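Worksheet: one structure, shown below.
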Amino acid sequence: MKAAIRRAAQSDPFHDMLGYHLRRLSVLAMADLTQSLAPLELKPADASILFVIASNAGITQSAAGKALGILRANMAPLIASLAKRGLIEREPMDGRSHAMRLSALGQATCRQAKDITRDHEHRLFGNLSRAAHARMIAQLHALWERKAEDQASLVRQARATRNLDPRQGNAGPATP
């Protein structure tokens, strides 16, 4: 067994690169999920939005986008498409914000999408024990959270740096 692993490491330059293996798995998983959701005329992003709205009735488009890591510019056409299909309903809240809820058709479609997604997850990860499945989710979530915190810190630092005028060397606002 150890000899086989050594041979694999010698012939595969990505053998010990976790990110590479995660990416390969992600590509396969998303292709399978995309194909599985096609009969519902949903893409994985559409299904994800339905799942978030189902779990958070009254959520705003902005909050749903933040929860899913979808940029505002990309979220608007996704929501418009789901609304046009009659899957979600929007109610004015305050100012420009709208509370989103699933319509009856959206609820039924969401249930079907969840069933399809569960089957998809079972096909891909059904051979893992419950404990291994839970550990993997916990470890990936911890990595993801740490990276998100690191990125948020970098954004805060960049914003703070923009408020410095490098010509004056002080903390005052930059002048044009």
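Computed values, structure above
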| item | result |
| --- | --- |
| Qualifying residues in the range 17-45 (those that are surrounded by 16 or more Cβ atoms within 10 Å (Cβ to Cβ) and in a loop (DSSP other than H, G, I, E, B)) - the one nearest to the chain's Cα centre (by Cα) | K43 |
| Residue check for L124: in contact (Cβ under 8 Å) with a residue 12 or more places away in the chain and not β-branched (V, I, T) | yes |
| Every pair of residues 6+ apart whose Cβ atoms lie under 6 Å, when the first sits in the range 31-57 and is closer than 16 Å to R118 by Cβ while the second is at pLDDT 95 or above and not in a helix (DSSP H, G or I) | A54/L102 |
| Pair list, Cβ under 7 Å, 6 or more apart: the range 80-91 residue surrounded by 15 or more Cβ atoms within 10 Å (Cβ to Cβ), other residue among the basic types (K, R) | A83/R90; I88/R101; E89/R101 |
| The range 46-63, subset of a type in the set (G, A, S) and closer than 16 Å to G106 by Cα, residue surrounded by the most Cβ atoms within 10 Å (Cβ to Cβ) | A47 |
| Single residue of the range 94-119 satisfying the filter (among the hydrophobic types (A, V, I, L, M, F, W, C) and over 20 Å from A67 (Cβ atoms)) that is surrounded by the most Cβ atoms within 10 Å (Cβ to Cβ) | I116 |
| Selection within the range 51-66 - out of contact with any strand residue (DSSP E or B) (no Cβ under 8 Å at 6 or more places or on another chain) and assigned to a helix (DSSP H, G or I) | F51, S55, S62, A63, G65, K66 |
| Residue count, the range 120-130 (criterion: surrounded by 11 or more Cβ atoms within 10 Å (Cβ to Cβ) and part of a helix (DSSP H, G or I)) | 5 |
| In the range 78-119, the residues that are over 13 Å from V52 (Cβ atoms), of a type outside the set (S, T, N, Q) and in a helix (DSSP H, G or I) | A80, A83, K84, A104, L105, A108, R111, D115, I116, R118, D119 |
| Identity of the residue in the range 67-77, among the small types (G, A, S) and part of a helix (DSSP H, G or I), that ends up surrounded by the fewest Cβ atoms within 10 Å (Cβ to Cβ) | A73 |
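Residue-wise test of (1) under 18 Å from L22 (Cβ atoms); (2) at pLDDT below 85; (3) assigned to a helix (DSSP H, G or I).
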residue: A132; (1), (2), (3): yes, no, yes
residue: I137; (1), (2), (3): yes, no, yes
residue: L140; (1), (2), (3): yes, no, yes
residue: E145; (1), (2), (3): yes, no, yes
residue: A158; (1), (2), (3): no, yes, yes
residue: P173; (1), (2), (3): no, yes, no
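The values are calculated or read from the model by the stated rules, or taken from the named source; none is laboratory data. Computed from a prediction, not measured in an experiment: that's the story for all the values here. Cβ: placed from backbone, ideal geometry, glycine included. Neighbour counts: every protein chain shown.
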